Each structure stands twice: as C-alpha cells, then as structure tokens.
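Have a look at the structure below, then the notes.
The values are calculated or read from the model by the stated rules, or taken from the named source; none is laboratory data. Worth saying up front: this structure is predicted, and the values here are computed from it rather than measured. In this analysis, Cβ positions are derived from the backbone assuming ideal geometry, glycine residues included, and neighbour counts consider all displayed protein chains. Side chains included, ligands, DNA and RNA excluded: accessible areas come from the protein's heavy atoms. Shrake-Rupley method; radii C 1.70, N 1.55, O 1.52, S 1.80 Å.
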Amino acid sequence: MMELRKFVAPEFIFGVGAMQLAGRYLSNFGAKRALVISDQGVIDVGLTGTLQNLLAEEGIYTAVFSDISANPRDNEVMAGADFYHREHCDVIVAIGGGSPMDCAKGIGIVSTNRINILDMEGIDNVPVPGPPLICIPTTSGTSADVSQFAIINDTGEKKKIAIISKTVVPDVALIDPMTTLSMPPYLTACTGIDALVHAVAAYVSTANSPLLDLHALEAIRLVCIYLPQVLKQP
C-alpha cells in the first residue's frame, strides 16, 4: 500500500514585481496595521522602506521590528510579540532572509497563544495559529517563506529548537527575484549553496517521495548551472 502524504504550501506568487502585490493582499485580509519584520541589512538597502511605501498607498499603517540576530533568539521573538500588541497590529509581513521570516513565524504564534516560544518546541505543539503572515524573501536559500518550520535559538540552553507545525506556514509568499539583487556576492554564494544543500538533503532523505524528488533534482541542476554565472556577473 502506498503511504499517504500531505503537502501544505502557502499561496505564492513568483516573478519580477511580486513584491508590489503586498498591499493588495493585506487589503484582502482586511488589515489596518501591519507589523513589518526585517533586519538592518534589508533596511539599509531600502527594501523595507519600499515595502512601507507600498502599504501606505493602500492606507495600511506599518510598524517595523528589526531587533533580530542572524539566528533569531527566543527573547527577540518575545520582544517582537510585545511590540506587535503595543502597536495594535493585525497582520505580519516579513521581508528578508530566513531569520526575519522564522522570527515572524514565532512572533505570530506567541501573539495569539500568549505563551513562551520555547513551550511550542517540537511537532504540532502550537495550539492556535498566528495572524495572517506574508513573507517576502530577499535571499534564495532558506525557503522559510513556504515551510512549516521555525528555527529559534534557545538562549538559556544555548541550542537551536525547531517548531514544526502547519500553523506556521505563511498565508502568502511573494517571491520577487529582484529582491535578491540586494545581496552582496558573498551572501549570494552562501544562500546559493544553502539552496543546493536543501535540495540534496531532500533527495537523499528517508522521507523523500517521487513528487519531491522531481523538484530536488531540478533544483540541483539549476543551482549548478546558474550559481556560478550569477557570481561571475551579479
């Protein structure tokens, strides 16, 4: 008997200009006040400001939270959830790499469950889903924008924990290749190798499947062809 598998993915838009749809999607959610989660690097290249302008055109207020480490920490998630409530936000938008997106997932579930992020470690331990979440990735390696994983640093135990739940799958992923042009060559190389490693891991995993193998093998092929080209001519 064939094992049944369930795949959960957000609605996602891929292509140049996808980021421009952020305001429309938030309006469809009925959002009035958005918490924008980003990091200083993304702010410095102007992408966060561009997103704020897009949302302002739709009449949506934005509050930016960017106190995030390269690997988000439990105390940062808790501080972000407090900030979400203080600003009376009703939706979350993450723009950046895996760290802002994982932090956004954590902030969302803490804001609705009102418990410590570490109490939701493991598989299916999130009682209540978070508010609507839109992810706009600016790197091409993590796929946090479409996954059911959030990786958070437990600062007390000095280890990473995994929160694995369909409740943290974003509602919408706006995947705009133009945002990756903000990366310096070194970060482009790192995130490209990250994508390659994810693809290899998916293919050799004991939890693989014919459906996943197609995507894993194609990802390996694409990275091997195009990563050297993009590093040669960013």
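Descriptive notes on the structure:
- In region 67-123, of all residues being among the hydroxyl-bearing types (S, T, Y) and open to solvent by less than 30 Å² (accessible area, probe 1.4 Å), the one that is nearest to V146 (Cα to Cα) corresponds to S99.
- Tabulated pairs, region 162-188, first without any contact (Cβ under 8 Å) to a residue 60 or more places away in the chain, second open to solvent by 40 Å² or more (accessible area, probe 1.4 Å) and aliphatic (A, V, I, L, M), C-beta under 7 angstrom, 6+ apart or interchain: A162/I151; I164/I123; P185/L231; T188/V230; T188/L231
- Number of positions in region 1-38 that are assigned to a loop (DSSP other than H, G, I, E, B), of a type in the set (D, E, K, R) and at pLDDT 95 or above: 1
- Residue selected from region 116-143 under the condition aliphatic (A, V, I, L, M) and assigned to a loop (DSSP other than H, G, I, E, B), by the criterion farthest from L222 (Cα to Cα): V128
- Among the residues of region 206-229, those that are open to solvent by less than 60 Å² (accessible area, probe 1.4 Å) and part of a helix (DSSP H, G or I) comprise L212, D213, A216, A219, I220, V223, L227.
- Scanning region 21-30 for residues that are open to solvent by less than 60 Å² (accessible area, probe 1.4 Å) and either free of Cβ contacts under 8 Å to residues at least 40 places away in the same chain or over 21 Å from A144 (Cβ atoms) (or both) yields G23, S27, G30.
- D39 open to solvent by less than 60 Å² (accessible area, probe 1.4 Å) and acidic (D, E): yes
- Scanning region 126-175 for residues that are open to solvent by 10 Å² or more (accessible area, probe 1.4 Å), touching a helix residue (DSSP H, G or I) at 6+ places or on another chain (Cβ under 9 Å) and of a type in the set (A, V, I, L, M) yields V126, V128, L133, I151, V169, I175.
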